[in-house]
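Trainee: Starting off with a structure, shown below.
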Amino acid sequence: MSIEFVLTTLVIVATPGTGVLFTLAAGLSRGARAAAIAAFGCTLGIVPHMIAAITGLAALLNASAVAFQTLKYLGVAYLVYMAWTTFRDKGALAVPEPTGRTVPSARKVITSAVLLNLLNPKLTVFFFAFLPQFVPSGAPNALARMLALSGIFMLATFVVFAVYGACAAAVRDQVVSRPTVVTWMRRAFGASFLALAGRLAIQNQ
């Protein structure tokens, strides 16, 4: 394992994107446990991309404009849906009642997080273009090495996202107890999802 891989991975993972926004929202609305669940879901969403890269399916995706565009616009549509639900749900960032009836199930949170990363074609292309640079050509243990590097990437994703979420959870009481702040944060999250959808839509293969 090279230090270059670790540093590059940390930079990529720590750069705010859909997963970070989703985890921050979970931490602000429902606390550190919900943020950890969201981080876990985002990490699970990496698995299909990793498998695609290792099995060579990413090469097909990279070569087929139709396949890439189809997956890309599914991702755009889901981001727009996330923005719409964020704008629409007036209680999305509210502190739940002690009964917990307003708290989404862990399965629902994980499913939403997985879809966010699953419908991100750039992540597949990233795995296809990035991992091979750290695997020697013709190495007999290339598969094992790619799996190990992918595992490191997933671990870094979970840890960094969980830290983001924990930081958000630490200030949730100060934030969500102020209606004006909650309103503007909800708008900011919704606008961020729309901006990410727009950026994804105009990106080329």
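Trainee: Provide 3, 12 ordered by accessible surface of protein heavy atoms (probe 1.4 Å), highest first.
Mentor: Descending accessible area places them as 3, 12.
Trainee: Could you rank 9, 111 by how accessible they are, 1.4 Å probe, largest area first?
Mentor: Sorted descending by solvent-accessible area, the residues read 111, 9.
The values are calculated or read from the model by the stated rules, or taken from the named source; none is laboratory data. Model, not experiment: these values are computed from the prediction. For the accessible areas, the whole protein counts, side chains as well, though only heavy atoms, and no ligand, DNA or RNA atoms are used. Shrake-Rupley method; radii C 1.70, N 1.55, O 1.52, S 1.80 Å.
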